[in-house]
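The values are calculated or read from the model by the stated rules, or taken from the named source; none is laboratory data. From a predicted model like this one, the values you see are computed outputs, not experimental measurements. Here Cβ is always computed from backbone atoms with ideal geometry, including for glycine, and neighbour counts include all displayed protein chains. Heads up: the accessible areas ignore ligands, DNA and RNA and are worked out on the full protein's heavy atoms, side chains in. Shrake-Rupley method; radii C 1.70, N 1.55, O 1.52, S 1.80 Å.
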Amino acid sequence: MINLKRTLLVLAVVILGANPICVLANEEAHAGEPSDKSKEIGEYIVHHLQDDHFFSLYKAGEETVGFPLPVILIDNGLKVFSSGEFKHGKAVVEKDGQFYKYYHGKIYKTDAAGTISYDDKHHPTNAKPLDFSITKNVFGLFLAAFLMFVGFLSLAKTYKKGPSNLPKGFGRVLEPLVLYVRDEMAIPNIGHRYKEFMPYLLSVFFLIFTLNILGLTPIGFNVTGNISITVCLALFTFVVTTIKANKDYWKHIFWMPGVPVPFKIILAPIEVLGMFTKPFSLMLRLFANITAGHSVIMGLIAIVYLFQTQLTVGGSVGISMLLTLVLFFLELLVAFLQAFIFTMLSSLFIGMAVEEHAHH
Amino acid sequence: MYNLIGAGLIVIGAGLGLGKIGGSAMEAIARQPEATNKIQTAMIIIGALLEGLAFGALILGK
């Protein structure tokens with residue numbers, strides 16, 4: 001039984017690991033002019049970093065291999081159809097007399113011929129329907145939620161049996177991480193009220209960690225490198241901090257005790273600004289780190305077919321693989337570090353908000 | 001072109017900052033090895049704040 005499980009695991013790793021190689025093999029076969037190559041690489045990286053309605057795994061010739069995801073539009077009623085109907089932007093989809101076209105990752109309303117009009121900056125001016133589709137990123141979030149659910153359910157089950165039970169299987173990995181969040185982040189920063197915030201901190205930590213690790217698999221997720229996701233996560237921290245703040249916190253923002261009055265007037269706007277810059281930096285840090293990591297890894301993989309004439313095939317593959325391997329280890333560290341930093345700073349901000357000051 | 005020079009300047013600044021943080025942390029750990037964990041945590045937090053600043057500047061400069 002265990003052997004079967006292991007074999008399946010190894011097989012899955014091999015199959016998933018083969019994907020980028022397939023991509024590269026195809027890119028090599030279709031390599032054109034050298035100047036085209038670097039442009040193509042740039043486009044490919046940008047395309048990977050963006051959200052998409054179609055889950056593409058790799059390219060086989062001109063055909064993209066993957067699976068379509070459901071498109072959900074609210075435009076004079078609910079409209080649900082498969083994103084495969086767009087045929088990667090080549091086809092116009094008609095639903096209840098309204099035509100839709102897929103263009104550069106967004107869905108636009110068009111006429112029957114699918115014309116898209118542009119303004120002078122080459123941005124489409126067509127109207128957009130309200131888009132609630134299950135995109136690649138939403139799919140990634142669902143997958144992360146599912147993985148976390150499975151992992152933590154097994155952990156919770158062992159505690160149900162009795163307090164002295166050791167968690168089995170994957171739960172044994174998760175328990176120290178939970179304790180780490182509690183003992184290293186929550187208790188030192190928040191103090192005796194830490195229990196209220198543990199659910200939030202644990203959710204944020206494990207969500208970011210899972211998504212970062214998923215982003216390193218060749219499936220091609222870039223969820224935490226999407227600014228909308230990080231804005232949302234930072235907003236949660238902002239809301240928790242603002243709602244749970246006690247009157248000492250507000251006093252220290254608007255009318256700091258123990259400071260001369262002229263300074264109070266100068267400091268109050270700065271402190272108010274600080275309320276917003278803290279979640280803003282949280283948002284930017286996670287987004288920029290993950291985006292930078294993904295771009296650099298993809299750029300290093302691109303060495304394979306960028307320097308083939310200078311270094312020969314073996315040389316370029318060797319250098320690329322070596323550099324990518326080293327960077328992947330660094331990114332494993334970054335994946336954990338960013339989850340750690342986000343949770344750490346969140347608990348620090350929450351701790352500032354709920355701290356009871358000695359009265360001056 | 002100019003934004004590349006700007007990016008270089010940002011990286012120089014961030015590098016100086018990180019070097020200073022790392023150097024001081026090393027000295028502090030050498031002086032008090034029993035406080036290593038606390039010093040490391042503080043170091044990472046300051047490093048993250050600096051990083052947020054640098055990344056913000058890099059993105060705004062782009």
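What residue, of B:42, B:7, B:14, is more than 11 Å from chain A (Cβ to nearest Cβ) and over 9 Å from the mean Cα position of the chain (by Cα)?
Numbers: B:42 fails: more than 11 Å from chain A (Cβ to nearest Cβ); B:14 fails: over 9 Å from the mean Cα position of the chain (by Cα).
Result: B:7 is the single residue among B:42, B:7, B:14 that is more than 11 Å from chain A (Cβ to nearest Cβ) and over 9 Å from the mean Cα position of the chain (by Cα).
Can you tell me which of (1) farther than 15 Å from residue A:133 by Cβ; (2) over 27 Å from the mean Cα position of the chain (by Cα) is the one residue A:78 doesn't meet?
(1)
Could you please let me know if residue A:322 is modelled with pLDDT of 90 or more, surrounded by fewer than 16 Cβ atoms within 10 Å (Cβ to Cβ), over 22 Å from the mean Cα position of the chain (by Cα) and at negative phi?
yes
Exactly one condition in (1) more than 14 Å from chain B (Cβ to nearest Cβ); (2) small (Gly, Ala, Ser); (3) touching a residue at least 24 places away in the same chain (Cβ under 8 Å); (4) within 30 Å of residue A:38 (Cβ to Cβ) is false for residue A:314; which is it?
All conditions pass for residue A:314, except number (3).
So, residue A:140, is that one closer than 27 Å to residue A:71 by Cα and either more than 17 Å from the chain's Cα centre (by Cα) or outside any loop (DSSP other than H, G, I, E, B) (or both) or not? Spell out the reasoning first.
Values: closer than 27 Å to residue A:71 by Cα: yes; either more than 17 Å from the chain's Cα centre (by Cα) or outside any loop (DSSP other than H, G, I, E, B) (or both): yes.
When the stated conditions are applied, residue A:140 passes them.
Which one of the conditions (1) at pLDDT below 90; (2) buried (at least 21 other Cβ atoms within 10 Å of the Cβ); (3) away from every other protein chain (no Cβ under 14 Å) does residue A:284 fail to meet, given that it meets all the rest?
Every condition holds for residue A:284 apart from (3).
Keeping to the range A:62-86, report how many residues are closer than 17 Å to residue A:98 by Cβ, open to solvent by 50 Å² or more (accessible area, probe 1.4 Å) and outside any strand (DSSP E or B).
Initial filter on the range A:62-86 (closer than 17 Å to residue A:98 by Cβ): A:71-83, A:85-86.
Right, trim to open to solvent by 50 Å² or more (accessible area, probe 1.4 Å) and you get A:74, A:76, A:78, A:80, A:85.
From what's left, outside any strand (DSSP E or B): A:76, A:85.
Final tally of qualifying residues: 2.
Only one of these conditions is not met by residue A:344: (1) modelled with pLDDT of 90 or more; (2) more than 24 Å from residue A:194 (Cβ to Cβ). Which number is it?
(2)
So, of the residues in the range A:320-338 that are in contact (Cβ under 8 Å) with a residue 60 or more places away in the chain and within 12 Å of another protein chain (Cβ to nearest Cβ), which turns out to be nearest to residue A:246 (Cα to Cα)?
We begin by selecting, within the range A:320-338, every residue in contact (Cβ under 8 Å) with a residue 60 or more places away in the chain; these are A:328, A:331-332, A:334-336, A:338.
Remaining after also requiring within 12 Å of another protein chain (Cβ to nearest Cβ): A:334, A:336, A:338.
Details: A:334: 34, A:336: 32, A:338: 28 Å.
Looking at residues that are in contact (Cβ under 8 Å) with a residue 60 or more places away in the chain and within 12 Å of another protein chain (Cβ to nearest Cβ), I get A:338.
Out of curiosity, is residue A:343 part of a helix (DSSP H, G or I), within 16 Å of the chain's Cα centre (by Cα), of a type outside the set (Phe, Trp, Tyr) and under 30 Å from residue A:240 (Cα atoms)?
Numbers: part of a helix (DSSP H, G or I): yes; within 16 Å of the chain's Cα centre (by Cα): yes; of a type outside the set (Phe, Trp, Tyr): yes; under 30 Å from residue A:240 (Cα atoms): yes.
Judged against the criteria, residue A:343 is a match.
Is it true that some residue in the range A:296-311 is within 30 Å of residue A:203 (Cα to Cα) and within 14 Å of another protein chain (Cβ to nearest Cβ)? Talk me through it step by step, then tell me what you get.
Of the residues in the range A:296-311, the ones within 30 Å of residue A:203 (Cα to Cα) are A:296-298.
With within 14 Å of another protein chain (Cβ to nearest Cβ) added as a condition, the list becomes A:296.
Yes, some residue in the range A:296-311 is within 30 Å of residue A:203 (Cα to Cα) and within 14 Å of another protein chain (Cβ to nearest Cβ).
Going through A:199, A:163 one at a time, which residue ends up being within 19 Å of residue A:338 (Cα to Cα) and open to solvent by 60 Å² or more (accessible area, probe 1.4 Å)? Spell out how you get there, then give the answer.
Working: A:163 fails: within 19 Å of residue A:338 (Cα to Cα).
Step by step, each of A:199, A:163 is checked, and only A:199 is within 19 Å of residue A:338 (Cα to Cα) and open to solvent by 60 Å² or more (accessible area, probe 1.4 Å).
Filter the range B:17-39 for residues that are free of Cβ contacts under 8 Å to residues at least 24 places away in the same chain and within 14 Å of chain A (Cβ to nearest Cβ); which is most open to solvent (accessible area, probe 1.4 Å)?
Only one residue tops the list, namely B:38.
All but one of (1) open to solvent by 30 Å² or more (accessible area, probe 1.4 Å); (2) within 16 Å of residue A:131 (Cα to Cα) hold for residue A:100, so report the exception by its number.
Against the list (1) open to solvent by 30 Å² or more (accessible area, probe 1.4 Å); (2) within 16 Å of residue A:131 (Cα to Cα), residue A:100 comes up short only on (1).
Does the range B:52-62 hold any residues that are at pLDDT below 85 and either in a helix (DSSP H, G or I) or within 10 Å of chain A (Cβ to nearest Cβ) (or both), and which are they?
Filtering the range B:52-62 for residues at pLDDT below 85 gives B:52-53, B:55-62.
Passing the criteria: B:52, B:53, B:55, B:56, B:57, B:58, B:59, B:60, B:61.
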